[in-house]
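Values quoted throughout were computed directly from the atomic coordinates according to the rules given, and no laboratory measurement underlies them. Keep in mind that this is a model prediction, so the values were computed, not measured. Backbone-built Cβ (ideal geometry, glycine too); neighbour counts: all protein chains shown.
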Amino acid sequence: MSEIAIAFDVATLEQALELDDRLGTGPEIAKVGLELYTAAGPEAVRALDARGRRVFLDLKLHDIPNTVRGAAAAAARLGVEFLTVHAMGGAAMIAAAVEGVRRAGGRTRVVAVTLLTSLDADHLPPGFENPLDTGLVIPRLLEMAEGAGAHGIVCSAADLAGIRLARRGRPFFAITPGIRPAGTERGDQVRVATVAEAVRQGAGMIVLGRAVTSALDPRAALAAARRECNEAAALQA
């Protein structure tokens with residue numbers, strides 16, 4: 001069964017708590033990203049945790065191994081459930097993040113970000129003129145991340161079919177951002193999918209953002225996404 005994370009991409013802690021109120025109680029994970037964490041810091045994690053929300057800290061760490069090790073240890077001491085690092089930081093950096101969590105005695109699971117969902121072969125920086133073969137690259141990044149001790153990866157739902165083919169039945173864990181309930185706008189992301197599509201492709205967690213958080217009634221939008229998720233999961237059973 002795919003879990004749902006809600007992107008708390010807001011500018012202040014007060015707005016985050018207001019959003020939490022508007023969403024209502026539920027099993028969804030709160031994804032704290034760069035905007036909220038830069039504004040409110042660890043207090044954002046503590047405040048949401050105090051309300052019963054599990055927290056996914058999406059900082060996409062990408063630095064030398066020693067720096068990432070320390071940052072991961074700090075995240076683990078906060079008690080976050082998931083922490084992102086960039087897969088392009090390499091195996092040693094990912095392993096350092098995992099080690100930092102272990103040294104801190106935390107339960108945080110490290111996941112490695114592969115290719116941002118705002119990018120595709122037509123939107124890559126200069127130097128990537130040849131089309132990027134995500135069907136080849138993403139499974140290799142997953143293998144590297146797992147080999148370094150990561151719990152899984154963050155990737156587009158569009159990459160999941162290729163991963164399943166490459167894995168030949170071996171299980172894997174993937175978080176998929178860029179997810180939209182059926183019938184909503186894609187915003188500034190390029191490689192997007194509906195909730196049902198992501199669930200059918202085997203996402204372990206789907207991330208919902210503005211389609212829910214900017215809705216006139218976020219609670220109703222989330223309820224609709226839950227139904228779509230549950231219906232897709234039932235068809236897979």
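With Cα extents along the principal axes in Å as the read-out, I listed (1) 44, 40, 34; (2) 42, 39, 38; (3) 56, 46, 39; which label goes with the value calculated from this structure?
The calculated read-out lines up with (2).
Please list 105-113, 200-208, 220-228 highest first by mean number of surrounding beta-carbon atoms within 10 Å per residue.
Values: 105-113: 20.8, 200-208: 22.3, 220-228: 18.3.
The packing order, highest mean first, is 200-208, 105-113, 220-228.
May I ask for the net charge around Leu17, where only other residues with Cβ less than 13 Å from the Cβ of Leu17 are counted and Lys, Arg are +1 while Asp, Glu are -1? Could you put the intermediate results ahead of the total?
On the way: positive: Arg22, Arg46, Arg51, Arg53; negative: Glu14, Glu18, Asp20, Asp21, Glu43, Asp49.
Net local charge, Leu17 excluded: -2.
Okay, which of segment 207-226 sit inside 19 Å, backbone N to the point 7 Å along the Cα-Cβ direction of Gln15?
208-219
For Phe173, Phe8, what ranking results if the residue with the fewest other Cβ atoms within 10 Å of its Cβ goes first?
The most exposed by this proxy come first: Phe173, Phe8.
Give me the net charge of Thr84's neighbourhood, meaning all other residues with Cβ under 12 Å from the Cβ of Thr84; Lys, Arg count +1, Asp, Glu -1.
Details: positive: Lys31, Lys60, Arg109; negative: Asp58, Glu81.
Every neighbour counted, the sum reads +1.
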